[in-house]
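What follows is calculated from the coordinates using simple rules that are stated; it is not laboratory data. Small disclaimer: the values here were computed from a predicted structure and weren't measured. Counting neighbours? That spans all protein chains shown, and the Cβs are built from the backbone with ideal geometry, glycine included.
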């Protein structure tokens, strides 16, 4: 890891309706995440959703989590953006953007342990969907 | 899809300077494309938005997108800017966010993420509910720049 690494943008394919967005770290890489952006559409189920951005092991053990502190109502579209040293506020006009902050030490790696980034909703309605998403991270290769 | 193979560029501190995007006509966003041979860290985006008379609650935002318009990150103000307001705005890393002053003369601060802008991406400054007569002016971008 003595090299400078490189910054990349990643645009993961949206998951199936009702499923969280999961991005697996490429084998042999160390990532330091700087931004995550995504769009969430909720179905008619009434419960307010809380959105999480989580780092977890392949076995599903969450070891790091950002919880957005504004809930999303049913049948709405919200943009989410979490960034290192980023904005913490929630816009109120148009398609609302819910913003939060990543820690500087937002590390993920995969040296045989297949760590993952997950965008999740609690509760996750059967008709909820996570749409367009983008990640920016700096990576180093083994 | 991944992009970007300029990691070797970022081993030094880069060159810090100021760029002035093209002054757009009323009703048009500010856009600045990062050249294909450069990586930028955007430190500050500052300027003025002078609103027209159309009634609407504008909220300033700064976003990075691909050349095709896919959003990579977005930082949105939470303060309303109404008709005929003149807002001096500052987007910056680690900025205390607020809107101060007495309408129609106000100052708006918005935090942006600490990240790198890759070649061919587009930095856009706009406003939710921007109206046709709303006009951006005096926009400057302070950046750290690495060139291939």
Note on the range A:1-98, DSSP bridge orientation, antiparallel percent to nearest 5 equals 90
The rounded separation in angstrom of the Cα centers of the range A:1-75 and the range B:96-148 is 26
If the chain between residue B:88 and residue B:15 were fully extended at 0.36 nm per residue, the gain over the current Cα-Cα distance would be 23.7 nm
Contact order relative to length for chain A, counting C-alpha pairs under 8 Å separated by 6 or more residues, stands in percent at 46
Residue A:57 and residue B:142 label points (each 7 Å along its Cα→Cβ direction) are spaced in nm at 4.5
The whole-number value in µm²/s of the Stokes-Einstein translational diffusion coefficient for chain A, with Rh from the Kirkwood sum over alpha carbon pairs at 37 °C and 0.692 mPa s, is 212
Simple SL model, points at 7 angstrom along Cα→Cβ for residue A:13 and residue A:46; separation in nm is 3.8
One checks the Cα atoms of the range B:55-143 and finds Rg and Dmax, in Å, of 13.3, 39
With a Förster distance of 25 angstrom and the Cβ-Cβ distance between residue B:26 and residue A:90, calculated FRET efficiency to the nearest 0.05 equals 0.30
Simple SL model, points at 7 angstrom along Cα→Cβ for residue A:4 and residue B:129; separation in nm is 4.4
Taking Cα pairs closer than 8 Å and at least 6 residues apart, the relative contact order of the range B:61-121 in percent is 33
dims of the protein assembly as shown, Cα set, principal axes, largest to smallest, nearest Å -> 58, 52, 31
